[in-house]
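Please read the structure below before turning to the comments.
Coordinate-derived values only; no laboratory data. Everything quoted here is computed from the prediction, not taken from an experiment. Backbone-built Cβ (ideal geometry, glycine too); neighbour counts: all protein chains shown.
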């Protein structure tokens with residue numbers, strides 16, 4: 001199997017997770033066949049399966065801007081291990097490695113590099129992973145969620161805003177996503193053409209399934225205020241969007257590392273286009289685990 005599988009599998013199985021697993025599970029490497037803008041793409045992915053015959057509910061986890069290689073934040077693996085231990089089948093596709101982005105897109109890249117695996121491109125990856133899961137006899141195909149943090153959270157928002165039939169995802173979870181972007185009928189106006197402070201919010205975000213957004217109050221990469229407005233307008237229109245903002249928490253509050261600012265991080269929410277803070281918050285992380293478990297139990301467990 002490719003190195004990407006092995007790295008994410010090791011991260012998922014060995015990284016400390018603040019939760020005790022209830023189910024034994026095993027990991028394996030698989031290939032997911034995606035197609036975006038007519039271009040076929042084979043994505044290496046890690047599949048985590050609880051012991052037993054199922055059928056199990058499942059979660060597609062979309063990685064953040066650091067990808068799944070040597071520079072990965074490790075967050076997809078941590079969440080994957082936690083959820084597999086809770087009895088969910090988990091698949092984590094790699095959207096970056098096959099597109100020539102093994103080190104991710106968190107720091108300065110050309111605009112073209114960023115577009116290779118932008119959230120809108122990753123919609124196809126999410127639905128390809130959904131189709132793969134539904135091909136497995138031990139997966140409950142009616143109860144599959146999509147989840148991601150940061151770039152993966154933005155990709156989750158994009159996925160749930162995409163036109164789908166009634167056979168789409170049953171639920172979605174976005175951790176510290178970029179809420180100030182174009183997702184279906186929702187969009188923003190900025191001071192600059194592609195970056196800078198938001199000057200106006202336009203339309204209503206309309207997800208195809210219930211959505212939970214978790215974000216830190218002090219997030220200077222994907223500001224909580226943008227998600228507050230998105231969620232507020234969505235709820236006012238009767239859309240199933242739930243938002244929780246963690247006081248004092250930064251971007252990547254589910255990280256074991258302390259907060260630190262790096263100037264080279266790409267940041268469309270700043271006039272200069274770069275600079276952001278990331279770092280863990282144990283209180284927010286512990287609560288996020290409770291929120292994620294409760295949300296998935298509500299929407300994915302067959303009645």
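The orientation-averaged projection of the convex hull spanning the C-alpha atoms of segment 15-133 amounts to 7.5 square nanometres.
For segment 21-163, calculate the relative contact order in percent as a whole number, restricting contacts to Cα pairs under 8 Å that are 6 or more residues apart.
Working: 299 pairs, mean separation 45.0, N = 143.
The value is 31 percent.
DSSP beta bridges fully contained in segment 3-300 are about 50 percent antiparallel.
Residue 35 to residue 166: FRET efficiency via 1/(1 + (r/R0)^6), r the Cβ-Cβ distance, R0 25 Å, to the nearest 0.05? Write out the running numbers ahead of the final one.
Numbers: r = 21 Å, r/R0 = 0.86.
Working from the Cβ atoms, E equals 0.70.
Beta bridges per DSSP, both residues in segment 133-274: antiparallel share near 30 percent. Treating each Cα of segment 200-303 as one equal point scatterer and applying the Debye formula with no solvent, the log10 of I(q)/I(0) at q = 0.10, 0.12 Å⁻¹ comes out as -0.33, -0.47. Separation of segment 39-63 and segment 102-139, taken as the distance between their Cα centroids, equals 13 angstrom. Please say if segment 154-193 is rounded, prolate or oblate, where rounded means a/c under 1.5 for a ≥ b ≥ c the square roots of the C-alpha gyration tensor eigenvalues, and otherwise the choice is prolate for a/b larger than b/c and oblate otherwise? It is oblate, given that a/c is not under 1.5 and a/b is not larger than b/c. Take every Cα pair under 8 Å whose residues are at least 6 apart in sequence, average their separation, divide by the length of segment 3-300, and the relative contact order is 14 percent. Each of 261, 176, 183 was scored by other Cβ atoms within 10 Å of its Cβ. Arranged with the fewest first, they read 261, 183, 176.
The spread of Cα positions in segment 170-232, taken along each principal axis and listed from longest to shortest, comes to 36, 27, 18 Å. Per residue of the chain, the DSSP helices (runs of n ≥ 4 H) give a summed -39500 (n - 2.57) that works out to -9000 deg cm²/dmol at 222 nm. Counting every other Cβ atom within 10 Å of each residue's Cβ, 221, 285 order from fewest to most as 285, 221. Dividing the C-alpha radius of gyration of segment 3-300 by 2.2 N^0.38 Å, with N its residue count, gives 0.91. For the chain, a Gaussian network of Cα nodes joined below 10 Å ranks 128, 171, 185 by mean-square fluctuation, and the top entry is 185. Computed from the C-beta positions of residue 28 and residue 199, the FRET efficiency with R₀ = 51 Å rounds to 0.60.
Using the Cα gyration tensor of segment 56-205, with a ≥ b ≥ c the square roots of its eigenvalues, what is the shape: rounded (a/c below 1.5), prolate (a/b larger than b/c) or oblate (neither)? Here segment 56-205 falls in the oblate category. For segment 41-111, the relative contact order works out to 45 percent when only alpha carbon pairs closer than 8 Å and six or more residues apart are counted. Neighbour counting of Cβ atoms within 10 Å sorts the residues 120, 147, fewest neighbours leading, into 120, 147.
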